[in-house]
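Notes for the one structure printed next.
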Amino acid sequence: MNIDVIFQIAAVGILVSVLNQVLTRSGREEMAMMTTLAGLIIVLLMVIDMISGLFSQVKAVFGL
Amino acid sequence: MTAIAAAGVVCAALALLLRREHPAVSMCITIAAGAALLMSLADSILQIISVMRGLAEKYDMRSEYINLVLKATGVAYAAEFAAQTCRDAGEGSIAAKIELGARVLIVCMSLPVLTALLDTAMKVLPS
């Protein structure tokens, strides 16, 4: 069970939150927003990989 | 089984932790957790399906019927996963459309069997 991916996604999320707070407090709002966006894109790429794996398994198992 | 239960609870806790700050990342954790849990069940599901096919062979049921049942189950399952994910993200209307799509597809898939059944019934009834 590849539960490591989930922990990586959570770690990216927490890291993005921390960086967001640090950058907002030091006044660089636009960098904070870009960091959030970058974190979101990374997480989406990881999830799309897993979803495509899941759906191809479903197709294989049920013969769709 | 306890691995699945524990992993599910830990992922729910992580998703809850990130929900306030980054609801999108929280949704991605939910999707990833669902996908990982289901993929870990794939072997057991394959075993069940092969036993079902074996029984169908033994009792001379035509293979297209059992294939239709399995395809319909697959479509229903994929739609349920997607619709529940949309509901968790607050998009109830998109979830409803996904479910409608699943219903329409299942009816379309079973139309040939339905017409065959009606033809047989009409032949049996004295007209």
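Observations
- Qualifying lysines (Cα of each under 20 Å from Cα of A:LYS59; at least 8 residues distant if same chain): B:LYS71
- Least to most buried among A:MET46, B:MET122 (fewest other Cβ within 10 Å first): B:MET122, A:MET46
- By the beta-carbon count within 10 Å of each Cβ, the least crowded to most crowded order of B:TYR65, B:TYR59, B:TYR77, fewest first, is B:TYR59, B:TYR65, B:TYR77.
- Calculated FRET efficiency for the pair B:ILE94/A:MET33, C-beta based, R₀ 22 Å, to 0.05: 0.25
- Look at A:ASP4, B:ASP60, B:ASP88 and count the other Cβ atoms within 10 Å of each Cβ; fewest to most, that gives B:ASP60, A:ASP4, B:ASP88.
- For B:70-81, mean number of other protein chain Cβ atoms within 10 Å: 3
- Alpha carbon Rg of region B:4-80, scaled by the compact-globule rule 2.2 N^0.38 Å: 1.56
- Helical contribution to [θ] at 222 nm, DSSP H n ≥ 4, -39,500 (n - 2.57), averaged over chain B, rounded to 500: -31000 deg cm²/dmol
- Computing FRET efficiency as 1/(1 + (r/R0)^6) for B:ALA13 and B:THR115, where r is the C-beta to C-beta distance and R0 is 41 Å, gives about 0.20.
- Rg to Rh quotient for chain A, alpha carbon positions, Kirkwood Rh: 1.21
- Kirkwood's formula applied to the C-alpha pairs of the protein assembly as shown gives a hydrodynamic radius of 19.6 angstrom.
- Per-residue mean of foreign Cβ neighbours for B:43-51 is 1 (Cβ atoms of other chains, 10 Å radius).
Laboratory data are not the source of any read-out in this text; all were calculated from the coordinates shown. As the structure is a prediction and not an experimental result, all values here were calculated from the model. With ideal geometry, Cβ positions are generated from the backbone for all residues, glycine too; neighbour counts draw on all protein chains shown.
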